[in-house]
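Step one of this worksheet: look at the structure below.
The values are calculated or read from the model by the stated rules, or taken from the named source; none is laboratory data. This one's a predicted model, so the numbers in the text were calculated from it and none came from an experiment. Positions of Cβ are backbone-derived with ideal geometry, glycine not excepted, and every protein chain shown enters the neighbour counts.
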Amino acid sequence: MEKEKGLSESGSRYYRRRKIGLCVRCGKSQIGNRIGKRHCLECDAQYRIYDRKRYYKNKSSRLEAIQKRNQIAKDEVYRKLGGYKCICCGETEKVFLTLEHKNGDGKEERKYYGGSRLLPALLKRDDLSNYEILCMNCNLGKYRNGGICPHRINKELRV
Ligand SMILES: [Zn+2]
Ligand SMILES: [Zn+2]
Ligand SMILES: [Zn+2]
């Protein structure tokens, strides 16, 4: 009951102010002939700042949601490819690992999907056989060594 009373009181204050052309927020300044406005210039400006703050707050929570979605997709894609482990040298430090297109033509794909949409898109695919997990060293080694990591050549020589 108490609450209802409070609500209707502030409601009537709002309409009273509106009726006599006062800013409904501060109740001090006249709105004047600013058609369709309910707040004085000063309150309007404050409102806009508040709105912008809310916008950025939403924006950062949106980004958080995207990051979370990507992390889940990443975990799942990596899991399907054998986990967070370089298939060449066995490196397991996540920071060093990258998902690579086997034929090296992942660039177009990355461009097409954009950085953040590739993993969720891959997740929907049944066939990930064109992808492999490599650490930065092996990835670079493969690239600089004509498509095969030096680790592998050394191994072959040793055998
Ligand atoms: Zn005002
Ligand atoms: Zn490696
Ligand atoms: Zn290697």
When you scan the range 115-130, do you find a residue that is among the polar types (S, T, N, Q), surrounded by 14 or more Cβ atoms within 10 Å (Cβ to Cβ) and either modelled with pLDDT of 85 or more or within 10 Å of ligand 2 (Cβ to nearest atom) (or both), even just one? yes
Regarding the range 15-26, can at least one residue be identified that is surrounded by 13 or more Cβ atoms within 10 Å (Cβ to Cβ), at pLDDT 90 or above and within 16 Å of ligand 2 (Cβ to nearest atom)? no
Answer residue from the range 128-144, given it is under 19 Å from Glu93 (Cβ atoms) and polar (S, T, N, Q) and is farthest from ligand 1 (Cβ to nearest atom) among those: Asn137
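Yes or no, residue by residue, for (1) assigned by TED's automatic domain parsing to the domain that holds Val24; (2) surrounded by fewer than 14 Cβ atoms within 10 Å (Cβ to Cβ); (3) touching a residue at least 24 places away in the same chain (Cβ under 8 Å); (4) more than 24 Å from Asn130 (Cβ to Cβ):
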position	(1), (2), (3), (4)
Lys59	no, yes, no, yes
Lys68	no, yes, no, yes
Gln71	no, yes, no, no
Val77	no, no, yes, no
Lys80	no, no, yes, no
Lys94	no, yes, no, no
Glu100	no, no, yes, no
Quick one: Tyr55 ticks every box in (1) more than 26 Å from Ile133 (Cβ to Cβ); (2) touching a residue at least 60 places away in the same chain (Cβ under 8 Å) except a single one, so which number is it? (2)
